[in-house]
C-alpha cells in the first residue's frame, strides 16, 4: 500500500528536477603476491610451499557513497518501524539535485524499497525528505533521524574485478630421496581450487646448487629429507 501511495505522489508532481549523476573512477592494477623476497634465505619443510605466487590484474571501480559518522536511526512515516545503521555502512550516491537553490546529495537506502531515496545537505545531514521518481520531495513522506545531528561523510564503495586468467601456483618441497630433490608444482584456479591436470613433480640432483623451474631460479643452501634451505634469486615476474 505504501509503495502505491508513493507512486501516486510521483505522478502528481510532474515537474522533474535534473540530477547530476556521479562518475565512478576506474583504475587497473597489476598485483603480484609472493611468499618470498628475492635473495632472502628461507627454510621449507616437507609439504611446505617454497614458492607461492599469485600474479594477476584487477580493475577497481570506486563508486561514490556515504557512511554515517556514528550510529543513526531513521524513522520514516509510512514504513514499519525505524531502521538503525552503524558507522562504516556504505550507501550509494545516485547523484546531486538542486532544490530551492540548495544542492543536495541523493542517497538510496535499500530498506525503504525502490522509492527509498533520501537527500543529504551540504553539511552531511539528512534533510528529512524523500524524493519521488521525478526527484521532487514528497510532502506526505518524511523521516526523523536520531541523533538529529548525525552526519554522513562522503567515501567510495569499491568493486574489485579480477581477470579470469592469471597465474596462481606453488612449488612445494616434497623431500629428498634416492639422490634427488623432489619439488611438486601445483597450479590453482583464481578461487584457489587445485587444478589436478596442471600439477607435476620435478626432481633435481641432491648435489645441485640451483633449481630452475620455468622462470624460477632457486639457490639451494642446504637440503635433507626433512627440509631445505634456499633463496629465490629470479622469478621472471
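The values are calculated or read from the model by the stated rules, or taken from the named source; none is laboratory data. All values derive from a computational prediction rather than experimental measurement. Because the Cβ atoms are built from the backbone with ideal geometry, glycine has one as well, and the counts that use them run over all protein chains shown.
Of note:
- Restricting attention to the range 92-107, the residues that are free of Cβ contacts under 8 Å to residues at least 60 places away in the same chain and buried (at least 18 other Cβ atoms within 10 Å of the Cβ) add up to 3.
- The one condition in (1) in contact with a strand residue (DSSP E or B) (Cβ under 8 Å, 6 or more places away or on another chain); (2) within 24 Å of residue 38 (Cβ to Cβ) that residue 214 fails to fulfil: (1)
- Condition check for residue 76: in contact with a helix residue (DSSP H, G or I) (Cβ under 8 Å, 6 or more places away or on another chain) and either farther than 30 Å from residue 175 by Cα or modelled with pLDDT under 90 (or both): yes
- Any hit, the range 119-126, residues being in the same structural domain as residue 71 (by TED's automatic domain parsing), out of contact with any helix residue (DSSP H, G or I) (no Cβ under 6 Å at 6 or more places or on another chain) and on the phi > 0 side of the Ramachandran plot: yes
- All of 183, 145, 138, 160 fail the test of being closer than 27 Å to residue 32 by Cα and either within 25 Å of the chain's Cα centre (by Cα) or not assigned by TED's automatic domain parsing to the domain that holds residue 228 (or both), apart from 160.
- Note on the range 125-135: residues that are touching a residue at least 40 places away in the same chain (Cβ under 8 Å) and surrounded by fewer than 19 Cβ atoms within 10 Å (Cβ to Cβ) amount to 2.
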